[in-house]
Amino acid sequence: HWRDPNYNGPNQPVVGVSWEQANAYAQWAGKQLPTEAQWEFAARGKENRRYPWGNLPPSSTLCNFNDFLGMTSMVSMHDDGRTPDGIYDLAGNVYEWTADRFLPYAFRRHAAPPDEPRIAIRGGAYDSRASALTTTARKGLFPETQAPNLGFRCVLPDNA
């Protein structure tokens with residue numbers, strides 16, 4: 001359970017929050033949840049990396065996955081898994097809420113949105129298999145979902 005002292009420690013990602021809670025925190029902090037495009041660009045970079053750190057397959061030195069630790073890790077634990085820009089844990093540790101509905105990539109933004117209740121999450125988690133850690137892997141969850149492998153990160157708004 002995510003209220004266990006092994007989760008939400010001072011150097012661990014915040015987990016167990018719904019999309020509404022994550023979004024409310026981001027707004028309170030003067031930030032926002034990343035769009036899927038922002039998240040994916042941060043993970044893939046201009047180099048079109050397969051994983052945030054490059055193209056090497058995941059390992060326990062690059063990220064927290066495959067239940068290796070059985071819980072979230074400290075954010076700075078996997079230095080070798082950072083992106084070239086220094087962003088930690090875009091693969092593994094916890095899935096991350098985005099600002100976007102879980103729509104097919106082919107969806108045209110100018111069309112009326114379909115009635116999709118799920119929100120896109122990205123990144124894989126400590127209990128994910130390697131296939132969930134690629135920079136293009138994505139899932140959709142209902143916004144009220146709270147789980148020990150689900151958290152968020154914030155980005156600065158475009159007008160900041």
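The values are calculated or read from the model by the stated rules, or taken from the named source; none is laboratory data. Not measured: the values here are computed from a predicted model. Note: ideal-geometry Cβ built from the backbone for every residue, glycine included; neighbour counts use all protein chains shown. Side chains included, ligands, DNA and RNA excluded: accessible areas come from the protein's heavy atoms. Shrake-Rupley method; radii C 1.70, N 1.55, O 1.52, S 1.80 Å.
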Which residues, counting only those in the stretch 9-47, are part of a loop (DSSP other than H, G, I, E, B), open to solvent by less than 60 Å² (accessible area, probe 1.4 Å) and not β-branched (Val, Ile, Thr)?
Gly9, Gln12, Pro13, Gly16, Ser18, Ala29, Gly30, Leu33, Pro34, Gly45
Do we find a residue being outside any strand (DSSP E or B), at negative phi and open to solvent by less than 20 Å² (accessible area, probe 1.4 Å) anywhere in the stretch 93-114?
yes
I need the full set of residues from the stretch 72-88 which are over 20 Å from Asn48 (Cβ atoms) and part of a loop (DSSP other than H, G, I, E, B), in order please.
Thr72, Ser73, Met74, Val75, Ser76, Met77, His78, Tyr88
